[in-house]
Structure formats: C-alpha cells, structure tokens
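What follows is calculated from the coordinates using simple rules that are stated; it is not laboratory data. Keep in mind that this is a model prediction, so the values were computed, not measured. So basically every Cβ, Gly included, is an ideal-geometry build from the backbone, and we count neighbours across all protein chains shown.
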Amino acid sequence: MTTDRRFADMLHHRAKRLRRGDPVAPPLVSATTFHLPGLEGASHLYGRMAMPTWEEVEEQLAILEGATVVGFPSGMAAIAAALMASLQAGDRVVLPSDGYYTTRLLADRFLAPLGVRVELIATADMDAAAFDGAAVVFVETPSNPGLDCCDIALAARKAHAAGARLIVDNTTMTALLQRPLDLGADLVVAADTKAPAGHSDVLYGHVSGREPQLMARVAEWRKLSGAVPGAFEAWLLHRGLETLEVRLARMCASARVLAERLGNHARVRHLRYPGLPGDPAHAVARRQMADFGFLLSFELESEEKAEDFLNRCRYLSQTTSFGGTHSAAERRARWGDAVAPGFLRLSVGVEPVEPLWTAIAEALDA
Ligand SMILES: *Cc1c(COP(=O)(O)O)cnc(C)c1O
C-alpha cells in the first residue's frame, strides 16, 4: 500500500465505528476505572492496562506503520521499552556513537550495570561494521544531530545473519518518510514529540513491530513498568497526526530550498542535508527515504558568531527539539554533543519559505 493511501486511511480510521450522532473527533477519555460488575467481555479494565484515547492514536499509528503499535509517554520511554523487551544480561547491544545522546546515557547508566555490553559505532561506519556477537543492533538514520545515514536494509541483513534484532529510531523521518519495518527492521522506535505531534506541546513516543511475541513483551513492559501515556497527550497527538502529511510536505520543500541557498553562502561551512547531491549521505538517503526531511546542520565560525546569528534571526526560535511548526535552531555543543562550538542544527518549520530565507540571510549578513 502506498504511503498516500495509508495517510488517507488514517484520516478516516474512526469512520467505520461511528454511529449516527457520534463525535467525528475522538473523545478525550481520562477515566482510570471502568464499570466492571464482572470481568467478562469488558473492553477496558484499568487505566494502566489500556485507555480508549491511547487506542485511537495507536490505531492511527498502526495504519501508518502497517504494524502493531504500543504508545509511550515519551520517545525515551519507547526506546527503554524496546531495549528492555529485547535484551538480557550478558547480551551485547550496538548503539550509534553519534545518535540521540540520551539513548547512550540510558545504556551506560542502566543497561551496562545489569550486565549488557554496550558497543558504540558511528552511523557513517554502520554499513561496514560487523555485528557478530550482538543481540541487538540499534541505528538512527539520519542521526541526530549530525545527519549521517546508514543503510537500513543492509543493517537488517547483517544483524539477522549475526542472530541479532535490528531496532531503528525513526524519529527524524517518521513513518511517512522512511519505513524501516519494510526494509527488514524488527522494531521501530520514535519520538512523536517531534513532527508527529508537531506543535511543541506534547511528549509522546511509540514502538512498532510485526512480531507478535516481541510486541506483546513491549506491551507487557508498559503495563508492568507503568510507563503509560496520559489521555490528554494522546488526544493532542491524535490531532497533530491529522496534519502531519501537509506539514512535512511544506517542511521538506522549504528545507531543500534553504539547504541549496545556505550551501552557497560564504559564511556557512560543513552544511549537511541528505537531499543535497553532494552530501555524503545522499546515495543511501535516496534509496531508503521518501523525502529528505526538515533538519539541516551547518557550522559558523565560532560559538559567539553562532549565538549572534541565532539572536539576530527573527524566525528561528532558540529551542532544543525539532519538528514543530516554528523553525528552530540551537548550538548542539551546549548539550555536550561532540560537535564544533559553532555547529547549529536547524529544524525547518511551516513558515512560507521566502520570509524565512530572508530572515536567515539577513542574520547571516548582519
Ligand atoms: C527527541 C528524540 C528522542 C527522545 O524523545 P523524547 O520524547 O524527548 O523522550 C529519541 N530519539 C531521537 C532521535 C530524538 O530526536
């Protein structure tokens, strides 16, 4: 099924259940307890096990992913669930050395002390790396913040040959732009906090997969650890997802325009955007991504020059995170990422591109 068809199906996912007079938008149900004069036939038992408003979102995401989906209260809660469901003491896990830093911290602070051996490999080296002896290979492509890519289908083949499972963090792409499960991944994890919710006002995450036993274990982790999303957050994500496709179309188109123009600007160094034909990740990006995303990165001369640029640019909100309606940028070195002091990650929002470019160009030329 095409991604367009999936998205159209997602928009109408409630239609088949609606009775005359029902609300078209899903009701926000914040109940923790449900009428249970006996357990038989009850659709809901207790809020930590399942809630109606989560199910609405999980149904949307399941249509987009073509897989079973379990929702979590943040991207990190989803990542923790995927790792806890697939690792045990003595296992080896391969993680990207240049991906989202909290995933590495989680492994270092909590998995290693439980007896999991953690091995770090740079995203750009994953294609050539051997995964022998690993139980789980975890990749993030394009990686945040460096935007290097690796070949998901190749990683899946190598992981499976080594007897390992492949988990892909698909946050920077979403299920509309990249389909790791179709390329052989065993689990997808994603922070819906970013583009899927899209309005900088909700934390959410999900795990998706097609192996029933593994997904049952992910769901069991949620129930037993209590890492459950709130009903209001689910409701906000449901609303955000309805416009994901149109927001992404604008964001990706604008990112391409900005990347081309920034690439020709004398002050901009080491520009990375997988959509540029000269980018080191372009060949693999073309093979596995439906579009090249809304993130780009580049360097200015120094910390001061980069901060000065951010302070001057009226259409770049100085925030961490990405995927919102407002364009945003920050110096990643302030969080300790292994990047140059003047390195900026820029998340392109839904502003019309010409005023956005004018604001960026004026701040660069000031
Ligand atoms: C933001 C992010 C996460 C974590 O998501 P939260 O919702 O903040 O927990 C995980 N992976 C990547 C690639 C991210 O960008």
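Dipole size of the chain about its Cα centre, with +1 on Lys/Arg Cβ and -1 on Asp/Glu Cβ: approximately 540 debye, rounded to the nearest 20. Evaluated over the Cα positions of segment 244-365, the convex hull gives a direction-averaged projected area, one quarter of its surface, of 7.1 nm². Each 10 Å bin from zero up to the one holding the largest Cα-Cα distance in the chain carries the following percent of pairs: 5, 24, 32, 24, 11, 3, 0, 0. When only Cα pairs below 8 angstrom with a gap of at least 6 residues are kept, the chain shows a relative contact order of 15 percent. Start at zero, step by 5 Å, and the Cα-Cα distances of segment 136-275 spread as 2, 9, 15, 18, 19, 16, 11, 6, 3, 1, 0 percent across the bins. What's the extension gain from Ala8 to Ala128 if we count 0.36 nm per residue and subtract their Cα-Cα distance? Taking 0.36 nm per residue and subtracting the Cα distance, the gain is 39.4 nm. What FRET efficiency, computed as 1/(1 + (r/R0)^6) with R0 = 56 Å and r the Cβ-Cβ distance, is obtained for Arg314 and Asp108, rounded to the nearest 0.05? Given R0 = 56 Å and the Cβ-Cβ separation, E is 0.90.
For segment 8-58, the equivalent ellipsoid built from the Cα gyration tensor has semi-axes of 23, 13, 10 Å, listed from largest to smallest. Would you give the gap between the C-alpha center of segment 190-237 and the C-alpha center of segment 260-313, rounded to a whole Å? Comparing the Cα centres of segment 190-237 and segment 260-313, I get a distance of 30 Å. For a bin width of 5 Å, list the pair-distance distribution of segment 187-247 built from all Cα-Cα distances, rounded to whole %. Values per bin, smallest distances first: 4, 17, 23, 23, 17, 12, 4, 0.
Label zone of Arg239 (point 7 Å out along Cα→Cβ, amide N under 17 Å): in segment 1-32 this covers 23-30.
A simple spin-label model places the labels of Ala89 and Leu45 2.9 nm from each other, with each point 7 Å out along Cα-to-Cβ.
Annotation note: GluC sites (Glu not before Pro) in segment 225-280 located in DSSP loop regions with a Cβ neighbour count of at most 16 within 10 Å are Glu242.
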